[in-house]
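See below for the structure under consideration.
The values are calculated or read from the model by the stated rules, or taken from the named source; none is laboratory data. A quick note: this is a predicted structure, and the numbers were derived from the prediction, not measured. No Cβ is skipped: glycine too gets one built from the backbone with ideal geometry, and neighbour counts run over all protein chains shown.
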Amino acid sequence: MKIHIVNGPNLNILGKREPEIYGKSTFKDYFTELQFQFKELELSYFQSNIEGELISELQEADDNVDGIILNAAAYTHTSIAIGDTVKAIGTPVIEVHISNTHAREEFRKQSYISPNAFGVILGFGLRSYELAIMSFTN
Ligand code: DQA
(Lines give C-alpha, C1' and ligand atoms only; values in the text may rest on other atoms or scores of the structure.)
Protein backbone atom coordinates (compact mmCIF):
# COMPACT_ATOMS: atom_id res chain seq x y z
CA MET A 1 0.00 0.00 0.00
CA LYS A 2 1.31 3.43 -0.99
CA ILE A 3 0.63 6.41 1.25
CA HIS A 4 1.81 9.88 0.37
CA ILE A 5 2.18 12.66 2.94
CA VAL A 6 1.83 16.24 1.67
CA ASN A 7 2.91 19.01 4.03
CA GLY A 8 2.27 22.71 3.52
CA PRO A 9 4.03 25.92 4.53
CA ASN A 10 6.38 26.14 7.50
CA LEU A 11 6.25 22.42 8.20
CA ASN A 12 9.81 22.24 6.85
CA ILE A 13 10.96 24.09 9.96
CA LEU A 14 9.35 21.79 12.52
CA GLY A 15 11.70 21.35 15.44
CA LYS A 16 12.53 25.01 15.68
CA ARG A 17 9.09 26.45 14.90
CA GLU A 18 7.07 27.19 18.06
CA PRO A 19 8.18 23.93 19.72
CA GLU A 20 5.67 24.41 22.55
CA ILE A 21 2.92 23.88 19.93
CA TYR A 22 4.54 21.69 17.29
CA GLY A 23 7.17 19.76 19.27
CA LYS A 24 10.94 19.49 19.02
CA SER A 25 11.28 16.86 16.32
CA THR A 26 11.99 17.66 12.67
CA PHE A 27 9.59 16.10 10.16
CA LYS A 28 12.52 14.32 8.52
CA ASP A 29 13.35 12.51 11.78
CA TYR A 30 9.69 11.71 12.41
CA PHE A 31 9.32 10.38 8.86
CA THR A 32 12.25 8.00 9.44
CA GLU A 33 10.44 6.71 12.54
CA LEU A 34 7.25 6.25 10.52
CA GLN A 35 9.11 4.24 7.88
CA PHE A 36 10.48 2.01 10.63
CA GLN A 37 7.08 1.62 12.27
CA PHE A 38 5.23 0.86 9.02
CA LYS A 39 7.81 -1.21 7.15
CA GLU A 40 5.13 -3.00 5.14
CA LEU A 41 3.95 0.28 3.58
CA GLU A 42 5.44 2.43 0.87
CA LEU A 43 5.52 5.84 2.51
CA SER A 44 6.60 9.02 0.77
CA TYR A 45 6.45 12.69 1.62
CA PHE A 46 6.51 16.07 -0.05
CA GLN A 47 6.65 19.54 1.47
CA SER A 48 6.20 22.93 -0.12
CA ASN A 49 5.68 26.48 1.03
CA ILE A 50 3.96 27.28 -2.28
CA GLU A 51 0.22 26.77 -2.77
CA GLY A 52 0.37 25.86 -6.49
CA GLU A 53 3.09 23.28 -5.87
CA LEU A 54 0.88 21.58 -3.29
CA ILE A 55 -1.97 21.49 -5.82
CA SER A 56 0.26 20.00 -8.54
CA GLU A 57 1.58 17.43 -6.09
CA LEU A 58 -1.93 16.33 -5.11
CA GLN A 59 -2.93 16.07 -8.77
CA GLU A 60 0.17 14.01 -9.60
CA ALA A 61 -0.25 11.72 -6.60
CA ASP A 62 -3.86 11.01 -7.55
CA ASP A 63 -4.22 7.44 -8.88
CA ASN A 64 -0.55 6.73 -8.14
CA VAL A 65 -1.03 6.14 -4.42
CA ASP A 66 -3.70 4.49 -2.27
CA GLY A 67 -4.07 7.32 0.19
CA ILE A 68 -2.94 10.88 0.82
CA ILE A 69 -2.32 12.49 4.21
CA LEU A 70 -2.53 16.25 3.85
CA ASN A 71 -1.44 18.89 6.33
CA ALA A 72 -2.03 22.04 4.29
CA ALA A 73 -0.90 24.09 7.33
CA ALA A 74 -2.08 27.72 7.09
CA TYR A 75 -3.50 27.11 3.59
CA THR A 76 -6.11 24.93 5.31
CA HIS A 77 -7.80 28.11 6.46
CA THR A 78 -7.45 30.14 3.26
CA SER A 79 -7.16 27.99 0.17
CA ILE A 80 -10.33 27.37 -1.80
CA ALA A 81 -8.00 26.09 -4.54
CA ILE A 82 -6.53 23.28 -2.42
CA GLY A 83 -10.04 22.45 -1.19
CA ASP A 84 -11.17 22.16 -4.84
CA THR A 85 -8.26 19.83 -5.59
CA VAL A 86 -9.15 17.55 -2.68
CA LYS A 87 -12.70 17.47 -4.03
CA ALA A 88 -11.56 16.78 -7.59
CA ILE A 89 -9.20 13.87 -7.01
CA GLY A 90 -10.36 10.31 -6.50
CA THR A 91 -7.73 9.23 -3.97
CA PRO A 92 -8.92 9.46 -0.36
CA VAL A 93 -7.34 12.36 1.52
CA ILE A 94 -7.04 12.47 5.30
CA GLU A 95 -6.57 15.98 6.66
CA VAL A 96 -4.19 16.12 9.60
CA HIS A 97 -3.00 18.81 11.97
CA ILE A 98 -0.39 18.57 14.67
CA SER A 99 -2.18 21.01 16.95
CA ASN A 100 -5.84 21.11 17.92
CA THR A 101 -6.81 23.93 15.60
CA HIS A 102 -10.22 24.26 17.31
CA ALA A 103 -8.56 25.19 20.59
CA ARG A 104 -6.59 28.03 19.02
CA GLU A 105 -7.43 31.31 17.25
CA GLU A 106 -10.87 31.69 15.60
CA PHE A 107 -9.40 31.79 12.08
CA ARG A 108 -7.99 28.28 12.53
CA LYS A 109 -11.48 26.82 13.02
CA GLN A 110 -12.25 27.28 9.30
CA SER A 111 -11.01 24.52 6.98
CA TYR A 112 -11.45 24.43 3.21
CA ILE A 113 -10.12 20.85 3.25
CA SER A 114 -12.47 19.18 5.76
CA PRO A 115 -15.69 19.16 3.67
CA ASN A 116 -14.01 17.00 1.05
CA ALA A 117 -11.64 14.99 3.22
CA PHE A 118 -12.15 11.30 3.85
CA GLY A 119 -11.44 12.03 7.51
CA VAL A 120 -9.80 14.57 9.80
CA ILE A 121 -7.29 13.89 12.59
CA LEU A 122 -5.94 16.73 14.67
CA GLY A 123 -4.41 17.62 17.98
CA PHE A 124 -2.28 14.55 18.65
CA GLY A 125 1.05 16.18 17.89
CA LEU A 126 3.07 14.40 15.23
CA ARG A 127 1.17 11.24 16.21
CA SER A 128 -1.71 12.63 14.13
CA TYR A 129 0.16 11.35 11.04
CA GLU A 130 0.58 7.90 12.59
CA LEU A 131 -3.12 7.71 13.40
CA ALA A 132 -3.94 8.74 9.84
CA ILE A 133 -1.74 5.96 8.44
CA MET A 134 -3.40 3.47 10.79
CA SER A 135 -6.81 4.53 9.62
CA PHE A 136 -5.83 3.62 6.05
CA THR A 137 -4.45 0.23 7.04
CA ASN A 138 -7.06 -1.05 9.52
C1 DQA B 1 -1.20 23.24 11.50
C2 DQA B 1 -2.24 24.21 12.07
C3 DQA B 1 -2.36 25.45 11.19
O4 DQA B 1 -3.33 26.33 11.72
C5 DQA B 1 -1.03 26.17 11.11
O6 DQA B 1 -1.11 27.27 10.25
C7 DQA B 1 0.10 25.27 10.72
C8 DQA B 1 0.15 23.93 11.29
C9 DQA B 1 -0.96 22.05 12.43
O10 DQA B 1 -0.45 21.04 11.95
O11 DQA B 1 -1.28 22.11 13.62
O12 DQA B 1 1.01 25.68 10.03
O13 DQA B 1 -1.68 22.74 10.27
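Computed values, structure above
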item	result
Verdict on GLU51 being closer than 13 Å to GLY8 by Cα, at pLDDT 95 or above and among the acidic types (Asp, Glu)	yes
Filter result for the condition that a residue is within 10 Å of the ligand (Cβ to nearest atom) and in contact (Cβ under 8 Å) with a residue 12 or more places away in the chain, over ALA81, ALA73, ALA61	ALA73
Residue, nearest to the ligand (Cβ to nearest atom), within the range 49-58, restricted to residues that are buried (at least 19 other Cβ atoms within 10 Å of the Cβ) and more than 23 Å from THR137 (Cβ to Cβ)	LEU54
Some residue of the range 125-137 being touching a strand residue (DSSP E or B) at 6+ places or on another chain (Cβ under 7 Å), within 11 Å of the ligand (Cβ to nearest atom) and not charged (D, E, K, R)	yes
Test: residue in the range 70-77 that is at pLDDT 95 or above and closer than 20 Å to MET1 by Cβ	yes
Of all residues making up the range 84-111, the number that are closer than 23 Å to ASN12 by Cα and more than 12 Å from the ligand (Cβ to nearest atom)	4
The range 109-138, subset in contact (Cβ under 8 Å) with a residue 60 or more places away in the chain and of a type in the set (A, V, I, L, M), residue farthest from HIS4 (Cα to Cα)	LEU126
